Amino acid sequence: MKEEKVKFIIIIAGSIFMVIFCILPFIFMALVSFSSRPDFLSARTLFSFTLKNYYSVLTTPSLHFIDYLRNSLVISGISAGFCVLIAALAAYSITRLSLPHKTFILFFVLAVSMFPQISLVSYLFKFMAGVGWINTYRALVFPYIAWILPLSLWILVSYFAQIPRDLDRAGLIDGCSRWQILRKIIFPVAAPGIFSTALLAFIFAFNEFMFALMLTSDHHARTVPVGIALFQGLHGELPWGDIMAASTITTIPVVILTIMFQRHIIQGLTRGAVKG
């Protein structure tokens, strides 16, 4: 009994520590964003309150925060949509059709995804400049799809593999084509996995920094992470209040989506991890 109590205490203490470790930066970010005298390293930020930083971020034309946020939402949404569609079709083909070298295909996709972004961005910049896509949505959507596709494919392959093949056979017996089976049977059954994959793909694209930094030049296509990183005051100082306010506003939608749909995310990620 004593050993069980010690184990229980260690688990509880470790859980509390991890929660505090993860949440504390967000709490500090929010406190600085509400400070009337924002200073990133000063304790006085904890004892002053104002909404002027949020008002400044949302209304100052030179900051272009609304433009950055709109760009991020549009680019991330388009990228996630196309990525999940392609990954779903590929996952169905790998798990249902008689394709040669399926395992090789999966591991090849995984190997390609391991190349760091910094090793590809210079060539990607030359290509985008050559076709005239620099500072456009297309310059980010296509790289994002390629970047997120391996993760989406592996998640959906593990999910589709657990869907009984009897459903396919029943559909074929009823006269359905493969497309009809996919659209009317597999997609509805796999909806939790598809939804969780789409949400993760959206978050990955929304938070991406390297490609957005190198392939955009102004607010017409620049996304929120880069826009916030490039916030600068009139005399070159860092406006910590504006930065933290913009970061808080940017974080809230992702947090709300995760909290609202965490059950679907967990179900989508774990169903393919167990048999049955």
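The values are calculated or read from the model by the stated rules, or taken from the named source; none is laboratory data. All values reported here derive from a predicted model rather than from experimental measurement. All Cβ positions, even for glycine, are placed from backbone atoms using ideal geometry, and neighbour counts span all protein chains on display.
A quick yes/no check of all residues on (1) touching a residue at least 40 places away in the same chain (Cβ under 8 Å); (2) closer than 20 Å to M210 by Cβ; (3) among the hydrophobic types (A, V, I, L, M, F, W, C):
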| site | (1), (2), (3) |
| --- | --- |
| I75 | yes, yes, yes |
| I78 | yes, yes, yes |
| A88 | yes, no, yes |
| S98 | no, no, no |
| V109 | yes, no, yes |
| S119 | no, yes, no |
| K126 | no, yes, no |
| V131 | no, yes, yes |
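Which numbered condition in (1) modelled with pLDDT under 90; (2) farther than 27 Å from I186 by Cα is the only one that Y137 fails? Going through (1) modelled with pLDDT under 90; (2) farther than 27 Å from I186 by Cα one by one, Y137 breaks only (1).
Of the candidates L172, L110, L167, L151, the single residue that is part of a helix (DSSP H, G or I) and buried (at least 17 other Cβ atoms within 10 Å of the Cβ) is L151.
The residue list I173, I194, I185 contains one member that is more than 25 Å from I75 (Cα to Cα), touching a residue at least 12 places away in the same chain (Cβ under 8 Å) and aliphatic (A, V, I, L, M), which is I185. Looking only at residues that are touching a helix residue (DSSP H, G or I) at 6+ places or on another chain (Cβ under 6 Å) and among the aliphatic types (A, V, I, L, M) in region 222-242, which one is modelled with the lowest pLDDT? Taking the candidates together, the pick is I228.
Out of S98, S35, I need the residue that is at pLDDT below 85, out of contact with any Gly (no Cβ under 9 Å at 6 or more places or on another chain) and not aromatic (F, W, Y). Which one?
Unique residue meeting the criteria: S98.
Of everything listed in (1) at pLDDT 85 or above; (2) in contact with a Ser or Thr (Cβ under 7 Å, 6 or more places away or on another chain), the single unmet condition for L153 is (2). The test for being surrounded by 15 or more Cβ atoms within 10 Å (Cβ to Cβ) and closer than 30 Å to A191 by Cα does not hold for V57. Within region 75-99, being surrounded by fewer than 21 Cβ atoms within 10 Å (Cβ to Cβ), polar (S, T, N, Q) and touching a helix residue (DSSP H, G or I) at 6+ places or on another chain (Cβ under 8 Å) holds for one residue alone: T95. Among the residues of region 195-203, is there at least one that is touching a helix residue (DSSP H, G or I) at 6+ places or on another chain (Cβ under 8 Å), surrounded by fewer than 23 Cβ atoms within 10 Å (Cβ to Cβ) and not in a helix (DSSP H, G or I)? No, the conditions are met nowhere in region 195-203. Looking across L58, L120, L73, L85, one residue alone is of a type in the set (A, V, I, L, M) and more than 20 Å from A205 (Cβ to Cβ). It is L58.
You will find that of R165, R138, R178, the residue that is at negative phi, assigned by TED's automatic domain parsing to the domain that holds F115 and touching an Asp or Glu at 6+ places or on another chain (Cβ under 9 Å) is R178 and no other.
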